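Working notes, structure below.
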Amino acid sequence: MASILRAHGPAVRQGLPWPQRRLLDLLPFCRTPALGGHRAKCTACGHQEVHHTPCQDRHCPRCAAARAARWLEQQKEKLLPVPHFQVVFTLPQELRLIARASPRAVYGLLMRSAVASLQAVLSSQYQARFAITAVLHTWTREMLFHPHVHVVVSAGGLSLDDRRWVQTGTSFLVSTRKLAPLFRGKLLSSLRKVRNNGDLVLVDPLASQWESVLNKAAGKTWVIHVEPPQRRSPGTLLKYLARYVFRVAIDDRRVVAHDGHTVTIRTRGKATTTMTGETFVRCFVQHAVPKGLRKVRYYGLLAPSNVGTRLTRAFELLGAGPPRAEHHE
């Protein structure tokens, strides 16, 4: 990855927005002399080693492993001993140009609208608060731009009066026919609001096509996928998500070949795709997350205000020990 970014990054750097340029300034030089370092000397034998400085960027595949492992352990401490569903909310194609133009605003609205819609349906259907973790992704296996939110939901929740545990089945959680129009309405309404408030600034031709784009999005069925627990443990689902919490899109394990001009990556199974080095760099950096945007968020029983109270109560009702105190990333 680093050698590909060093080789082809300069050819595409000009004209990129600042978050993407920053990736090209840091990631290719992580743990190299370019970022400095320090010399360590053993006081007993005198052996010396040079340790180069890691970039510590949130997108870096090399720096991700340790932080992802810590995050996973922290989430396991709060993991309720029940099956968990995964619900995936996808931003429709018509709105992706707006997301490219204003990622901070659109990504935040996407996550809030998805979870607010899910919580509204769950509360109405079960009269309970669920444990919910939402993780933002913006890519496909081919590194195409595809913003979506993975939401991990407990198969059951604490009743609204905090007195009992309300268990759901493991084959059905919510109806997407109810959830999809609610999600669509909340996100489109929120987009109009931030646009009217001046918090979503667009330029032509997108600015002049604003109403047309929103009307097209409003006229289609939005994609929501609800995946039941099946035989998969909730820890396995969190482990899958942990791979992408502290890095983005791809790492060295999926890069099959780089001949100096083209890059071949593994997509699904043994399938591969080949692209020019410049295309690879553009595909990679387009997934840079705006500074300060939280791509992992916690709701319901996992909301910070509920972890020490309602989440503990849920553990008690399920006959399990309370979650241990933790340090948040």
Problem set entry | Whole-angstrom gap from region 113-142 to region 146-217, using each part's C-alpha centre | 8 Å
Exercise. What net charge is computed for the residues neighbouring Gln48, neighbours being all others with C-beta under 14 Å from the C-beta of Gln48, Lys and Arg scored +1, Asp and Glu -1?
Worked result: +1
Exercise. When the chain is modelled as a GNM with alpha-carbon springs shorter than 10 Å, which of Leu173, Leu187, Leu144 fluctuates the most?
Worked result: Leu144
For this session: Return the single residue from Ala44, Ala69, Ala180 with maximal mean-square fluctuation; model: Gaussian network over the chain, springs between Cα atoms under 10 Å.
Result: Ala44
Seminar exercise, completed: For region 74-218, the accessible surface attributable to carbon and sulfur atoms (probe 1.4 angstrom, ligands and nucleic acids excluded) amounts in percent to 50 percent
Exercise. In whole Å, what is the distance between the alpha-carbon centres of region 7-37 and region 83-112?
Worked result: 27 Å
For this session: Please identify every one of the trypsin sites (Lys or Arg not before Pro) in region 80-150 that sits in a loop by DSSP and has no more than 16 other beta carbons within 10 Å of its own beta carbon.
Result: Arg141
Seminar exercise, completed: For region 194-329, shape from the Cα gyration tensor axes a ≥ b ≥ c, cut at a/c of 1.5 then a/b versus b/c, turns out oblate
Seminar exercise, completed: For the chain, dividing by residue count, accessible area per residue (probe 1.4 Å) in Å² works out to 49 Å²
Seminar exercise, completed: Looking only at aspartates and glutamates whose Cα falls under 18 Å of Lys41's and that sit 8 or more positions away or on another chain, we get Glu49
For this session: Report the FRET efficiency, 1/(1 + (r/R0)^6), for Arg232 and Thr276, where r is their Cβ-Cβ distance and R0 is 30 Å, rounded to 0.05.
Result: 0.20
Problem set entry | Heavy atoms of Thr53 accessible to a 1.4 Å probe, total area in Å² rounded to 10 | 50 Å²
Exercise. How much mean residue ellipticity at 222 nm does the chain get from its helices, if each DSSP H run of length 4 or more adds -39500 (n - 2.57) and you divide by all residues, to the nearest 500 deg cm²/dmol?
Worked result: -12500 deg cm²/dmol
Exercise. Under the definition of Cα pairs under 8 Å and six or more residues apart, what whole-number percent is the relative contact order of the chain?
Worked result: 25 percent
Seminar exercise, completed: Square roots of five times the C-alpha gyration tensor eigenvalues of the chain, ordered largest first and given in whole Å, equal 36, 29, 18
Exercise. Which parts of region 266-293 would a label at Arg243 reach, counting a residue when its backbone N lies under 18 Å from a point 7 Å out along Cα-to-Cβ?
Worked result: 266-273, 284
Exercise. Helices from the chain with mean Kyte-Doolittle at least 0.0 and a Cα length along the axis of 24 Å or more, per DSSP H: which?
Worked result: 103-126
Problem set entry | lysines with Cα under 22 Å of Lys76, excluding same-chain neighbours fewer than 8 positions away | Lys239, Lys295
Exercise. Hey, in the GNM for the chain with a 10 angstrom Cα cutoff, which one of Arg192, Arg243, Arg268 fluctuates hardest?
Worked result: Arg268
Problem set entry | Pairwise FRET efficiency - His261 versus Ser175, Cβ, R0 = 56 Å, nearest 0.05 | 0.65
For this session: Take the Cα gyration tensor of region 1-116, multiply each eigenvalue by 5, square-root it, and list the three semi-axes largest first, rounded to whole angstrom.
Result: 36, 26, 10
For this session: Taking the Cβ of Leu160 as the centre, find all other residues whose Cβ is under 11 Å away and add up their charges (Lys, Arg: +1; Asp, Glu: -1).
Result: +2
Exercise. For region 167-266, which chymotrypsin sites (Phe, Trp or Tyr not before Pro) are in a loop by DSSP, counting at most 12 other Cβ atoms within 10 Å?
Worked result: Phe172
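The values are calculated or read from the model by the stated rules, or taken from the named source; none is laboratory data. Fair warning: this is a prediction, and the values are worked out from it, not measured in the lab. Cβ atoms come from the backbone with ideal geometry, glycine included; neighbour counts cover every protein chain shown. Calculation scope for accessible area: heavy atoms of the full protein, side chains included, ligands and nucleic acids excluded. Shrake-Rupley method; radii C 1.70, N 1.55, O 1.52, S 1.80 Å.
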